[in-house]
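Have a look at the structure below before the remarks.
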Amino acid sequence: MIKPQLKQYFKALPIVVAFVFFLLSCSNDNTTETETDVDPDISVDEVVFEENFLLSEDKNFINFVLSEADYNKFIEGEGDFNKVSKKVYEYLNDDFDFIFILSVEAEQPDGLYFGISRKIKNDVEGIGSSIYDNTTTYGSGGTLKSIIHLARTEYIRNGPFLHEIMHYWGNQGFIPTTVGGHWGYSSVGGQLGGFDELVDLGNNSYQGMLNGQDSFGTFANGGNTLAYGNLELYLMGLIPANELEPIQVAENPESTGSGTFTADNIKTYTAADLIAQHGARVPEEKDAQKAFKGVTVVISTSKLSEEEAKSISVNLDNFSRNGATDQSWGSFFNFWKATGERATISMNITEENIK
């Protein structure tokens, strides 16, 4: 999750983004909704769920129009994730790994995270997390991995979209960190923070660098301008154990400036060390999931304008392409590119997804 007081980092590289990840407690869904039956032979182009739950023209997101009170709960950091997920499963099948909730704020709300990821289940061994399944709480029959909320729709392109997706796999105790849920002062150099080069300045002082710059983020790095790091790809099941590189971790680090810090020691963890501690990743890379599916729900207090809907659709299309993004994305990475072309994510809602 991203703290608003760290927003000076939230720009393209070399400026570094800072994020904070924490869990929100879920709210109870006390709203009774009326289900609309859908003819199994109807085209997806003709589907209308209900007046305030609208499939976009491009079929890659749903506009969920909430009351002002319910919408404001999300802006206050107390949004009812259950209300959104259970509404999704009224009309859609349990086909989605991720539910993405996007607010439509024009500016980053004061005091609110930039993004947050609520992990719903874990069925992967060897990544530092126990095995558990809370999917039924959110209306899923077992497919849902995570629910992610972003404060603004622009964060699809700028980030922290890639960052929040990565939270499904890390950091859940896989390496030691003084920055909860993130890579902190380590050489991961990925979406959840860390450097990719370390210079010993002497007297237990160090300079962490990223992409040749004298700075790095302990929470995150550059939003969507950075690909997933080597360790992140391993945890995602996208590279085998024999490609996992050693990780340097600073012990008792203290920041002394932009990318500089002191530490009692720099400890190196080899792939063998990490696998001995956590066990092998199961499923291993050759059997791991490579194609993911998400459903995006844009929440608002009134129906989106055509211009707003089109902008969101274009960004979702770019993020989920199995190929290069268009010129509007500049140097920003989509999911396919950030994984080194190893994995894909689909955002489209098809006839097969509709009940």
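The values are calculated or read from the model by the stated rules, or taken from the named source; none is laboratory data. Just so we're clear, the structure is a prediction, and the values are computed from it rather than from any experiment. Note: ideal-geometry Cβ built from the backbone for every residue, glycine included; neighbour counts use all protein chains shown. Side chains included, ligands, DNA and RNA excluded: accessible areas come from the protein's heavy atoms. Shrake-Rupley method; radii C 1.70, N 1.55, O 1.52, S 1.80 Å.
Some notes on this structure:
- Check on Gln191, farther than 16 Å from Phe335 by Cα, polar (S, T, N, Q) and crowded, with 16+ Cβ neighbours inside 10 Å: no
- Criterion (modelled with pLDDT of 95 or more and either over 22 Å from the mean Cα position of the chain (by Cα) or surrounded by 14 or more Cβ atoms within 10 Å (Cβ to Cβ) (or both)) met by exactly one of Ala324, Ala338: Ala338
- Taken over the range 256-279, the criterion of being in a loop (DSSP other than H, G, I, E, B), without any contact (Cβ under 8 Å) to a residue 40 or more places away in the chain and polar (S, T, N, Q) is satisfied by Thr270 alone.
- For the range 43-125, no strands (runs of 3 or more DSSP E) sit wholly inside it while including 2 or more residues that are free of Cβ contacts under 8 Å to residues at least 12 places away in the same chain and open to solvent by 50 Å² or more (accessible area, probe 1.4 Å).
- Any hit, the range 239-255, residues being touching a residue at least 12 places away in the same chain (Cβ under 8 Å), open to solvent by less than 10 Å² (accessible area, probe 1.4 Å), closer than 28 Å to Asn318 by Cα and touching a helix residue (DSSP H, G or I) at 6+ places or on another chain (Cβ under 9 Å): yes
Conditions (1) at pLDDT 95 or above; (2) in contact with a strand residue (DSSP E or B) (Cβ under 7 Å, 6 or more places away or on another chain); (3) open to solvent by less than 70 Å² (accessible area, probe 1.4 Å), marked per residue:
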{"residue": "Ile266", "(1), (2), (3)": "yes, yes, yes"}
{"residue": "Ile275", "(1), (2), (3)": "yes, no, yes"}
{"residue": "Glu307", "(1), (2), (3)": "yes, no, no"}
{"residue": "Ile312", "(1), (2), (3)": "yes, yes, yes"}
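- Listed conditions (1) closer than 16 Å to Asp58 by Cα; (2) in a helix (DSSP H, G or I) are all met by Lys337, apart from (1).
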